[in-house]
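Engineer: Okay, handing you the structure first.
The values are calculated or read from the model by the stated rules, or taken from the named source; none is laboratory data. The structure displayed is predicted, hence computed values, not measured ones. All Cβ positions, even for glycine, are placed from backbone atoms using ideal geometry, and neighbour counts span all protein chains on display.
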Amino acid sequence: DTGVSQNPRHKITKRGQNVTFRCDPISEHNRLYWYRQTLGQGPEFLTYFQNEAQLEKSRLLSDRFSAERPKGSFSTLEIQRTEQGDSAMYLCASSVGPSQPQHFGDGTRLSIL
Amino acid sequence: QQQVKQSPQSLIVQKGGISIINCAYENTAFDYFPWYQQFPGKGPALLIAIRPDVSEKKEGRFTISFNKSAKQFSLHIMDSQPGDSATYFCAASRGGSEKLVFGKGTKLTVNP
């Protein structure tokens, strides 16, 4: 399978803990995006990268959230001091370049106890 | 402020029927309009997309109709099948910004 890969698929953690998710984009895709989806809603944009450069961040991305793409390949999204409201599906997408279709992975579902 | 409004919230059609989902947008700078299909536990999968220089695009049983003056676009699924039962999202983005703005989704059920 050469699609976008996300790990882990599910993460259960206690409130206040830190969590990190990983996204491996489709090979040769320069752009990588993070979205968050809550139950019954459409995905909401969080941030995106062009290679290793983070080009845009949403207001949704509070100080507790940080994303990296150190070598322009895979990306990580870290949430520090998790809160109940962080419970959601975190989706990663990639595209071959600007204004090209975005292809999504199957997401990481985060549950905060 | 919701920039992309999608309706209906849910839709039930019979096998072989036509499913129609509508979206309206506010930002006239939007210039890319994709539709995604999402099954439970899966990520959204790109179905079809359109840019405002055309009024209609067809791929197999899926057609997008686009009305620039009304700021509306719709997805038509012809000959709907039970396997089409999923949640459908419209989205929009504007040139120079890569973020997709999604509607709230339509849960489609196709009865056999």
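Engineer: Somewhere in the range A:61-76, is a residue part of a loop (DSSP other than H, G, I, E, B), modelled with pLDDT of 95 or more and within 11 Å of chain B (Cβ to nearest Cβ)?
Structural biologist: Within the range A:61-76, not a single residue is part of a loop (DSSP other than H, G, I, E, B), modelled with pLDDT of 95 or more and within 11 Å of chain B (Cβ to nearest Cβ).
Engineer: Here's something else I'd like to know. Does the range A:86-101 hold any residues that are modelled with pLDDT under 95 and either β-branched (Val, Ile, Thr) or out of contact with any His (no Cβ under 9 Å at 6 or more places or on another chain) (or both), and which are they?
Structural biologist: A:Val96, A:Pro98, A:Ser99, A:Pro101
Engineer: State yes or no: is B:Ser55 farther than 23 Å from A:Ala88 by Cα, within 15 Å of the chain's Cα centre (by Cα) and buried (at least 16 other Cβ atoms within 10 Å of the Cβ)? Spell out how you get there, then give the answer.
Structural biologist: On the way: farther than 23 Å from A:Ala88 by Cα: yes; within 15 Å of the chain's Cα centre (by Cα): yes; buried (at least 16 other Cβ atoms within 10 Å of the Cβ): no.
So B:Ser55 fails the test.
Engineer: Select, from B:Leu100, B:Leu47, B:Leu75, the only residue that is without any contact (Cβ under 8 Å) to a residue 60 or more places away in the chain and within 13 Å of chain A (Cβ to nearest Cβ).
Structural biologist: The match here is B:Leu47.
Engineer: Which of the residues that make up the range A:77-110 are away from chain B (no Cβ under 14 Å) and surrounded by fewer than 14 Cβ atoms within 10 Å (Cβ to Cβ)?
Structural biologist: Selection gives A:Glu78, A:Arg81, A:Glu83, A:Gln84, A:Gly85.
Engineer: Next up: Checking the structure you have, find out if any residue of the range B:6-17 is more than 15 Å from B:Gly105 (Cβ to Cβ), of a type in the set (Gly, Ala, Ser), modelled with pLDDT under 95 and more than 13 Å from the chain's Cα centre (by Cα).
Structural biologist: Checked against the condition, which is being more than 15 Å from B:Gly105 (Cβ to Cβ), of a type in the set (Gly, Ala, Ser), modelled with pLDDT under 95 and more than 13 Å from the chain's Cα centre (by Cα), the range B:6-17 yields no hits at all.
Engineer: Moving on to the next point. What are the residues in the range B:8-52 that are surrounded by fewer than 15 Cβ atoms within 10 Å (Cβ to Cβ), under 17 Å from B:Ala92 (Cβ atoms) and among the small types (Gly, Ala, Ser), if any?
Structural biologist: Listed by number, the list holds a single entry, B:Ala29.
Engineer: Can you tell me which residue is farthest from B:Tyr32 (Cα to Cα) among those in the range B:93-112 that are assigned to a strand (DSSP E or B) and under 10 Å from the mean Cα position of the chain (by Cα)? Explain how you work it out, then say what you get.
Structural biologist: Taking the range B:93-112 first, the residues assigned to a strand (DSSP E or B) are B:93-94, B:101-102, B:106-111.
Next, only the ones that are under 10 Å from the mean Cα position of the chain (by Cα) stay: B:102, B:106.
Values: B:Phe102: 12, B:Thr106: 20 Å.
Checking each candidate, the answer is B:Thr106.
Engineer: On to the next question. Among B:Thr87, B:Thr63, B:Thr106, which is in contact with a Gly (Cβ under 6 Å, 6 or more places away or on another chain) and either surrounded by fewer than 16 Cβ atoms within 10 Å (Cβ to Cβ) or at negative phi (or both)?
Structural biologist: B:Thr87
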